[in-house]
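Notes for the one structure printed next.
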Amino acid sequence: MISSNKIQRLLPLLSMAAALLLLATGCINSGGNDIVSITLLPQGQNAIKVKTVVLCSDTVDAAVEYWQKGQEQQRTVTSLSERRVSHTIVLTDLLPEKAYEYRVLTGHGKDLYPGKTYTFNTFGLPVWMKDMFSVVCPDSSVLPAAFKRGYVMLTRREDPGILFLLNAKGSIVWYHQVSGTGFKVARFTEHNTFLTLLGGPGYETSYGDQILELSVTGDTLANLKKGQQDFKQTIHHEILLDQANQFVTLCVEERVCDLRSKGGSKQDTVKGDGILVLDRQGKQVWKWTVFDVLDPLDDKNILKEKQDWMHANCIAFDTDGNYLISFYNNGQIWKIDARTGKRLWTFGKNGDFNLPAASLFDQAHALHINEHGELMFFDNGVSKKTSRTLSFKLDENKRQATLCINTTLPPENYNERMGSSYLVSDTTLLQCATKRNTVILTNFQGRFLWLLRTGMSSYRASFIPAEKLAPYIHQPGYEQ
Ligand SMILES: O=[N+]([O-])c1ccc(OS(=O)(=O)O)cc1
């Protein structure tokens, strides 16, 4: 008997095999002067990306111009592949199950000459992916213009892992699929790349063993696996780039401690968190652990909590380049000196800042400094069974915090674990209620404007403005 899980895994392979059969025959001797052959290949397990390999008789520049059959006026031209004999050019922004025409442009710089026009057909999305997302939006006129044309990034954490980009109508405009592992978390970087943490079946929830950075055209820009160089530990919940293009991650950190005074054993193990910075080859650049700041023996509950002492779930950079780190279990956010590792302050429960009762929070997620310089995050709100978005203006010297955003999610979207919230266009919040398989856009009063139901639970939902993905993706959900 084949389990539905197995079928789910087989389907992309079957569609891949079909794709190979159909597309690999697309090796063509072009009529262009300097083109020897053009080969079309499916891009990984992907119905809406096609790789072209253009072999030329000389060193030239090349690009591919393509359009949906019958819509030649709406042509897309790829970026230029420069000074090569063999060019690999990926076509993005394709729609599934459509006929396309294309031609290769070759020459030098702006002097490009078209070869003959050919055709290809894209394949359908895997059946199980087709109905994965649905949008509820009673009145699109209330959506911010940037949201109407922008994209939402989500991750499927189970095998097969998929990184998705959807437009505001919930259509899949881009995806990248991996087998045998899942995308635990992903960030869209300042270099317009996708930085991701992957974890296979041996890695539960948000834990992982692989760092993968991808370009929008699906090229692998970095791929580090646990066991390589100084990447010896499991990493979890977070991956981001620093200014030096290095990987900043949260890692699992274990210490053997004598917990006899707390009722434990002489050689007890406490599992805590660390920040591990790796260079692009996997060499350790910097490391910090919670044990540098706190002694487990000072925690009266350590015996109960030793399996997962603090449960860090996010790192971000403060405006001065130091780290901000949030913890689920103690409801705190710490600022850590990125050079010395010293804890500079604690925010939240039993922290250094006085917080009025209305702004006391339980568990911070997806913390970041927003466009206004405010510390912003999603609060699971387990004590009140109410999740919300909070932001604060901090005066670090005076240890004063001014509450700026305090927006409650509609009660049915209460989300007790994971989640995220980000500003979109200064007037709305894109919030991920991970446990509810829901992404919801509200105004600051918490009024729902747009909702996405997902057939998976993405750790976060991030908004990517349309400009960041141009010219690779242009499929606005709503025309202005
Ligand atoms: O169940 N999970 O997948 C899960 C639970 C907790 C969790 O940690 S949290 O701090 O992100 O809520 C992450 C993932």
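Label point of Ala99 set 7 angstrom out along Cα-Cβ; within the range 107-121, amide nitrogens under 19 Å from it belong to 116-121. Which is farthest toward the positive dipole end of the chain among Tyr478, Leu250, Gly455, measuring Cα position about the Cα centre, with Cβ charges +1 (Lys, Arg) and -1 (Asp, Glu)? Going by the charge dipole, the pick is Gly455. Let me know the shape class of the range 332-480, please: from the alpha-carbon gyration tensor, a ≥ b ≥ c as square roots of the eigenvalues, rounded when a/c is under 1.5, otherwise prolate if a/b is greater than b/c, or oblate. Judged from the Cα gyration tensor, the range 332-480 comes out prolate (a/c at least 1.5, a/b above b/c). If the label point is 7 Å along Cα→Cβ of His191, which residues in the range 239-261 have backbone nitrogen under 17 Å from it? Hits in the range 239-261 for His191 at 17 Å: 239-249.
Summary value for the chain: 11 percent relative contact order, contacts being C-alpha pairs under 8 angstrom separated by 6+ residues. The Thr39 and Thr205 beta-carbon pair, evaluated with R₀ = 60 Å, returns a calculated FRET efficiency of approximately 0.90. For the pair Glu158 and Ala357 in one chain, pulling the backbone fully straight at 0.36 nm per residue adds 67.8 nm over the alpha carbon distance.
In this simple spin-label model, placing a label point 7 Å from the Cα along the Cα-to-Cβ direction at both Val252 and Ser134 gives a separation of 3.8 nm. Only Cα pairs under 8 Å and 6+ residues apart enter the sum, and on that basis the relative contact order of the range 290-374 stands at 25 percent.
Rounded to the nearest 10 degrees, the inclination of helix 4-23 to the longest alpha-carbon principal axis of the chain is 30 degrees. Using bins of 20 Å that start at zero, the share of Cα-Cα pairs per bin across the chain amounts to 22, 51, 23, 3, 0, in whole %. Under 13 Å from a label point set 7 Å out along the Cα-to-Cβ vector of Asn443, the amide N atoms of the range 140-161 belong to 141-144. Each of Thr181, Thr346 has some number of other Cβ atoms within 10 Å of its Cβ, and from fewest to most they run Thr346, Thr181. Put a dot 7 Å past the Cα of Val127, heading toward its Cβ, do the same for Ser265, and the two dots end up 5.1 nm apart.
Each value in this text was obtained by applying a stated rule to the coordinates, not by laboratory testing. Treat the numbers as computed from the prediction; the structure is a model and nothing was measured. As a convention, Cβ positions derive from the backbone with ideal geometry for all residues, glycine included, and neighbour counts pool all protein chains shown.
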